[in-house]
Amino acid sequence: MKFGAIDIGSNGVRLLISRPLQEDSLKPEWKKVEFTRLPIRLGDDVFGTKEISKKKMDLLLKAIKAFSLLLDIYNVDFFRACATSAMRDAKNSEKIIKLIKKETGISIDVITGNAESKLIMNAFLHLLPAEDTFLHVDVGGGSTELTLIQNNKALVSKSFNIGTVRAREKKIKAEEFDKLHAWIKENIAWVPKLKGIGTGGNIHKYGELASVPQGGYLKLKKLEQLTEDIESIDLHERIYHLKLNPDRAEVIDVAGRIYLDIFKRTSITEIMTPYHGLKDGIIQDLWERYYSKQKD
């Protein structure tokens, strides 16, 4: 069986197709069959004008058409398409969703920040040591989600309109950082021996640059050093020396600063990088729904 996930983010649009390696487990290992990421950058429009432009709309429609063909070619059994911060904020998102449904037959679910965080965590919660307490931070193009995890369960969670594309466009309100810092102080700062978990394309890239294996830990000092090193070089060097995609090269240091701003306000000294994202969480959720029906 094959499962598919379409993740429509503020920076990139992604398609992941995977199959379970164990069909008798609620939490199987997954074999990646196909992964495609397109840097459409919906947030460029939305965080400035509150609408997705005709050009971006056309690009998104073409992307979903291409993804639809790949889903057919790979004979995917179940799939889901989810959109996050940019589509949440866009005044014309409903119009775009209707157009895409008409042209491709694919329905898009615009999910909340908390729903996004829950889906992401569902892909890796079972892999965490139950005796440890974690702060999960997911920094995207338009929003950042924080969740306190104890005994493999989410205790408190909050989403903030802070993201890399939003920051680059200078569209983050100062009071949003005030809200973030106040929430950390109230819910997180008091927790001793706290460990961090970072998800999102940028922290994954930091992990790769630091040669951290999947499920390994990136030291906070190393994250700070890498961020300073990246800030010191121009876009050309980021693309050709660090081998970053252009859209990643433009925002990775911004993401680094957001992670550092959050983690430095806690007792965290190291960050787990599970290399999971929304796309993985969508697929895991689809599998669990299917698995549960088969057991009924």
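Of all residues in region 116-133, those satisfying the criterion of being out of contact with any Pro (no Cβ under 8 Å at 6 or more places or on another chain) and either within 24 Å of Arg80 (Cα to Cα) or buried (at least 24 other Cβ atoms within 10 Å of the Cβ) (or both) are Glu116, Ser117, Lys118, Leu119, Ile120, Met121, Asn122, Leu125, His126.
Among the residues of this structure, Pro213 counts as one that is at pLDDT below 95, assigned to a loop (DSSP other than H, G, I, E, B) and either acidic (Asp, Glu) or closer than 26 Å to Gly9 by Cα (or both). Screening Ile252 against (1) among the β-branched types (Val, Ile, Thr); (2) in a helix (DSSP H, G or I); (3) farther than 15 Å from Arg37 by Cβ leaves a single unmet condition, (3). Of Ile111, Ile97, all but one fail to be in contact (Cβ under 8 Å) with a residue 24 or more places away in the chain, of a type in the set (A, V, I, L, M), over 22 Å from Ile184 (Cα atoms) and touching a strand residue (DSSP E or B) at 6+ places or on another chain (Cβ under 7 Å); the exception is Ile111. Among the residues of region 21-45, those that are in contact with a Lys or Arg (Cβ under 8 Å, 6 or more places away or on another chain), closer than 20 Å to Asp285 by Cα and not β-branched (Val, Ile, Thr) comprise Leu21, Trp30, Lys31, Phe35. Contact annotation: residue pairs with Cβ atoms under 6 Å, 6 or more positions apart or on different chains, pairing a residue in region 176-204 that is surrounded by 13 or more Cβ atoms within 10 Å (Cβ to Cβ) with a partner that is assigned to a helix (DSSP H, G or I) and of a type in the set (Val, Ile, Thr), are Thr199/Ile120; Asn202/Ile252. Within region 232-245, the presence of a residue that is under 25 Å from Leu148 (Cα atoms), in a helix (DSSP H, G or I) and in contact (Cβ under 8 Å) with a residue 12 or more places away in the chain is excluded. When Lys56 is tested against (1) under 22 Å from the mean Cα position of the chain (by Cα); (2) not in a helix (DSSP H, G or I), just one condition goes unmet, and that condition is (2).
If you go through region 17-35 and keep only what is part of a strand (DSSP E or B), surrounded by 15 or more Cβ atoms within 10 Å (Cβ to Cβ) and of a type outside the set (A, V, I, L, M, F, W, C), you end up with Ser18, Arg19, Pro20, Glu34.
The values are calculated or read from the model by the stated rules, or taken from the named source; none is laboratory data. Just so it is clear, the structure is predicted and the values come from calculations on it, not from any experiment. Because the Cβ atoms are built from the backbone with ideal geometry, glycine has one as well, and the counts that use them run over all protein chains shown.
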